[in-house]
C-alpha cells in the first residue's frame, strides 16, 4: 500500500540545523511530486513547497525561501527537508504529502515534531 | 496571493444534526478546493476534492458544494467520530489552507 514514512522527533537549539526525511513506498516514486506542510497550533497549516521527484527541482513558498532546502535521494525513494539557523518559530510539526495525480493530497506522512528551545 | 477564510472557527452541534462549514476564497478558485479532517496527533485526512468529489472510503454523509469564491462542506447527520478540525485547501498555484473549523459535540 502507499505510504509516506517520516523520521523521528527532533529537539534542537536556536541556530542549529535539522534534516528530516520522508520515505515513500507502494508506488513509483518519480511519478508524483512531494509537498511539505508546516503545522503550528496557532497558525494552522502552511504550505512550504514541493519537489519534483523526477528532476529534483524544488519550489518554495514565499515564507520558506532562504533557510529551507528540499532535496532528493531518489534511489531511496526519499525526500528531505533541511532547515538551517533554527529559530523558536520553527517549532512545529512538519508533514510530507503527495497528490498522486488528483487535485488534493490523499497521502500524508505521520508528521515530524521539531522543537527549537534553548 | 489568494487567501482562504474558514467559518466558523468553532462549531458545536449534536449527534444527528446537519452541519455546514464554510470556506471563502479572496478570488475565484474555479472549484479547485479540497476538504480535510484532522484529529489530534494525526495527519490531515482527505474527505473531498474538486469541490464535490468524495474521496474513496469516506462516508456519504460528507458532501461538498460551491463555486467561484464560496464553498461548503456538509455533514448530513453528525456522528461522534466526526469530532475533529476541518480544513479547506486551494490546490493549484501553491497550496493554501483555511484556518480551520473545530467541530465539537454539544
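Every number in this text was worked out from the coordinates using simple rules, so none of it is lab data. Not measured: the values here are computed from a predicted model. Cβ sites come from the backbone with ideal geometry, for glycine too, and all protein chains shown count toward neighbours.
Looking across segment B:82-106, the residues that are assigned to a loop (DSSP other than H, G, I, E, B) and at the interface with chain A (Cβ under 10 Å from one of its Cβ atoms) come down to B:91, B:92, B:94, B:95, B:98, B:99, B:100. Only residues that are surrounded by fewer than 20 Cβ atoms within 10 Å (Cβ to Cβ), part of a loop (DSSP other than H, G, I, E, B) and more than 10 Å from chain A (Cβ to nearest Cβ) were counted across segment B:1-45, and they come to 15. For segment A:63-118, the candidate set comprises residues that are without any contact (Cβ under 8 Å) to a residue 12 or more places away in the chain and closer than 19 Å to residue B:94 by Cβ; within that set, the residue that is farthest from the other protein chains (Cβ to nearest Cβ) is A:66. The single condition from (1) more than 10 Å from chain B (Cβ to nearest Cβ); (2) within 30 Å of residue B:102 (Cβ to Cβ); (3) touching a residue at least 60 places away in the same chain (Cβ under 8 Å) that residue A:24 fails is (2).
Checking the stated criteria, residue B:48 turns out not to satisfy the condition of being without any contact (Cβ under 8 Å) to a residue 40 or more places away in the chain, within 13 Å of chain A (Cβ to nearest Cβ), touching a strand residue (DSSP E or B) at 6+ places or on another chain (Cβ under 7 Å) and surrounded by fewer than 17 Cβ atoms within 10 Å (Cβ to Cβ). Of all residues in segment B:61-81, those satisfying the criterion of being at negative phi, without any contact (Cβ under 8 Å) to a residue 60 or more places away in the chain and assigned to a loop (DSSP other than H, G, I, E, B) are B:61, B:69, B:76.
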